[in-house]
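J.: Questions regarding the structure given below will be posed in turn.
Read the figures in this text as sums done on the coordinates, not as results from a lab. Just so you know, these numbers come straight off a predicted model, no measurement behind them. Cβ sites come from the backbone with ideal geometry, for glycine too, and all protein chains shown count toward neighbours.
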Amino acid sequence: MTLSPRGNWNYPTTIWAGAGRLDELPSATQRAGMSRPLIVTDAGLAHHPMVARAAALIDAPVHADVAGNPTAAHVHSGLAAYRSGRHDGVVALGGGAALDTGKVVAFMAGQTRPLWDFEDVGDWWTRADPAAIAPVVAIPTTAGTGSEVGRAGVILNEETHQKKIIFHPLMMPKVVILDAELTVGLPRGVTAATGLDAFVHCFEAYCAPGFHPLADGIALEGMRLVAQYLPRACDNGADLDARAQMLAAASMGATAFQKGLGGVHAIAHPVGSFFHTHHGLTNAVLLPYVMCHNRRVIEAKCAHIARVLDLEPASFDGLLEWVLDLRKRLDIPHTLAQIGVDDRNAAEIGREAALDPSAGGNPIAVDAAALESIFRASLTGALPSAA
Ligand SMILES: [Zn+2]
C-alpha cells in the first residue's frame, strides 16, 4: 500500500484531508456546532461498514432514502426524518446524490417556503431565512462531484423533468473530511466516470469567460491531478495516494466552477433528467463534442492546458486527442447512444439545456438550436466542426 498525503485547509471551507480521518468525525460535528446529527447517505451504502462506523462514532441514526439523480421526494423524506428526530445538523456521507440531498435537507430544515422557491435564479436565495439553515459535515465517498465544497444541491423536479439547482451561500459545509480510505472500494467504472466529472468541472470553469485567476489556477492544477492520478486510481483502486489526489482534484473542480460551467453540464443535466444517466459518465461522453463546438474561442486556453498536462503537441488538437485517448483507456463510450440515450426528446433537451444556468458559462453563446445539434452529434459520434 502506498502512502497517502495529509493536510488541513481552510478554503473554500474547513477541509481535513488524509487517509483514516473519518475517525475525526466527532470533532467535525462538534466544530460544526451539532449535538444531534442525522447521517444522510445513499441507499446503496445503507449497510456499508463505513456508514456503520460513522454512525457509531457519533451515535447518530442513518437516513438512506437517497438515489442517484435525487428528487424532491428524497428531500422531503430526509426532512421528515430530520424533523421527527429533532436533529440539529446533517452529516452527508456518500456520492454526489447523498451530499446534495443532505445539504438541501439541512438548508430546508427551518424554511417555511417550498423547495422550488429556492432555485438558483437571480436573487431567489435571499428568500431563505439564513438563521434557519442547519450545519453540514460533508464526507465524499466518490471523487468527482465536489459537492462537499459547493454551495448548491441539484435536485430533479420529476413533474417538469428539470434538474433544479438549489443555491444558498450558507449551504457550504462547515467541515469536510476527505478520507481516501472511503473511496478504495469504488468500482473502476464509477471511479472513471466520477473522476472525469472532476476534470470537466475544471475544464469548463477554466474555459468560462470572465476575470477569475483564482478559479483558473485551481482548475489548471485540478486537471493536472486528474491526468496524473485518475488512470492510477482506475488501475489500482487501493492506491491511496492516487485516491487522495483525486479527492483533492474533485474538491478543486467544484471550487473552480464558482466561476461558471458550460455546454457539457448544460446538456448533461436534461439528458440525466430524461434518461437517468450517470452524471459523470454523461459529461465524460459529451466533453469532446462541446470542445469541438467551442474550438474557435478556446484554442489558446486549450493550448495552455496542454502545456500544463505536458502534451505533444501543446495545442487544441493535442488536448482533444488526449481526451479521446483517456476516455478510451478508461472504457468510457464515445456516444450517448451507447449509454441508452436516443433522440426522441432532442428538441426539448436543446431547449432545457439553453435554460440551464450552466449554459451561461459556455465560452461562446449557445442557444437551444446549437445545444440540440451538439446533443445530436454526441448520439451519432460525429465530432462537430467549430462553430
Ligand atoms: Zn458535474
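J.: So if I place +1 on the C-beta of Lys and Arg and -1 on the C-beta of Asp and Glu, and nothing else carries charge, what would the dipole magnitude of the chain be about its Cα centre? I want it in debye, nearest 20.
T.: It comes to approximately 480 debye.
J.: OK, next. Only four residue types carry charge here, +1 at the Cβ of Lys and Arg and -1 at the Cβ of Asp and Glu. Report the dipole size of the range 1-160 about the Cα centre in Debye, rounded to the nearest 20.
T.: 500 debye
J.: Please give the contour-minus-distance gain from Ala43 to Thr380: 0.36 nm per residue of separation, less the Cα-Cα distance, rounded to one decimal in nm.
T.: Full extension of this stretch gives 117.9 nm more.
J.: Same structure again: Which parts of the range 228-251 would a label at Asp331 reach, counting a residue when its backbone N lies under 14 Å from a point 7 Å out along Cα-to-Cβ?
T.: Counting backbone N atoms under 14 Å from the label point, the list is 234-237.
J.: When a/c is below 1.5 the answer is rounded, else prolate if a/b is larger than b/c, else oblate, so apply that to the range 318-387 with a ≥ b ≥ c taken from the square roots of the Cα gyration tensor eigenvalues.
T.: Verdict is oblate for the range 318-387.
J.: I need the calculated FRET efficiency for the pair Gln338 and Arg188, taking r as the beta carbon distance and R₀ as 30 Å, to the nearest 0.05.
T.: The formula returns an efficiency of 0.95 here.
J.: Starting with the highest mean, order 351-357, 268-274 by the number of other Cβ atoms within 10 Å, averaged over the residues of each peptide.
T.: Descending packing order for the listed peptides: 268-274, 351-357.
J.: Grab the beta carbon distance between Gln30 and His76, set R0 = 25 Å, and tell me the FRET efficiency rounded to 0.05. It would help to have the intermediate numbers written out before the result.
T.: Numbers: r = 29 Å, r/R0 = 1.15.
FRET efficiency, Gln30 to His76: 0.30.
J.: Also, I was wondering about something else. Please say if the range 198-341 is rounded, prolate or oblate, where rounded means a/c under 1.5 for a ≥ b ≥ c the square roots of the C-alpha gyration tensor eigenvalues, and otherwise the choice is prolate for a/b larger than b/c and oblate otherwise?
T.: rounded
J.: Anything over 26 Å Cα to Cα? Flag those among Lys164/Lys259; Lys174/Lys301; Lys259/Lys328; Lys163/Lys328, in the order listed.
T.: Lys174/Lys301; Lys259/Lys328; Lys163/Lys328
J.: Right, next: Give the relative contact order (percent, whole number) for the range 108-212; include only Cα pairs under 8 Å separated by 6+ residues. Write down the numbers at each step before the final one.
T.: Values: 129 pairs, mean separation 29.5, N = 105.
Over the range 108-212, the number comes to 28 percent.
J.: Can you put Glu348, Glu119 in order, fewest other beta carbons within 10 Å first?
T.: Arranged by neighbour count, lowest to highest, Glu348, Glu119 become Glu348, Glu119.
J.: Compute the long axis of helix 49-58 from its Cα atoms, compare it with the longest principal axis of the Cα atoms of the chain, and write down the angle in degrees, 0 to 90, nearest 10.
T.: 40 degrees
J.: For helix 72-84, report the angle its Cα long axis makes with the longest principal axis of the Cα atoms of the chain; keep it between 0 and 90° and round to the nearest 10°.
T.: Value to nearest ten degrees: 20.
J.: Still on this model: With charges only on Cβ, +1 for K and R and -1 for D and E, what is the dipole size of the range 201-321 about its Cα centre, in debye, rounded to 20?
T.: With Lys and Arg at +1 and Asp and Glu at -1, about 320 debye.
J.: Please name which of Leu38, Gly78, Thr277 has its Cα lying farthest along the dipole of the chain towards the positive end, using unit charges on Cβ (Lys, Arg +1; Asp, Glu -1) and the Cα centre as origin.
T.: Leu38
J.: Something else about it: Taking square-rooted eigenvalues a ≥ b ≥ c of the alpha carbon gyration tensor, is the range 152-234 rounded, prolate or oblate, where a/c under 1.5 means rounded and, failing that, a/b exceeding b/c means prolate?
T.: Taking the square roots of the gyration eigenvalues as a ≥ b ≥ c, the range 152-234 is oblate.
J.: Based on the mean of other Cβ atoms within 10 Å per residue, sort peptides 42-50, 100-108, 370-378, 233-241 so the most packed one is first.
T.: Top to bottom by mean Cβ count within 10 Å: 100-108, 370-378, 233-241, 42-50.
J.: Compute the FRET efficiency between Ala347 and Asn10 as 1/(1 + (r/R0)^6), taking r as their Cβ-Cβ distance and R0 = 51 Å, and round to the nearest 0.05.
T.: Working: r = 47 Å, r/R0 = 0.91.
Computed FRET efficiency for Ala347 and Asn10: 0.65.
J.: Same structure again: At a 10 angstrom cut-off on C-beta neighbours, averaged per residue, how do the peptides 275-286, 192-203 rank from highest to lowest? Write out the running numbers ahead of the final one.
T.: Numbers: 275-286: 23.5, 192-203: 28.8.
In descending order of packing, they fall as 192-203, 275-286.
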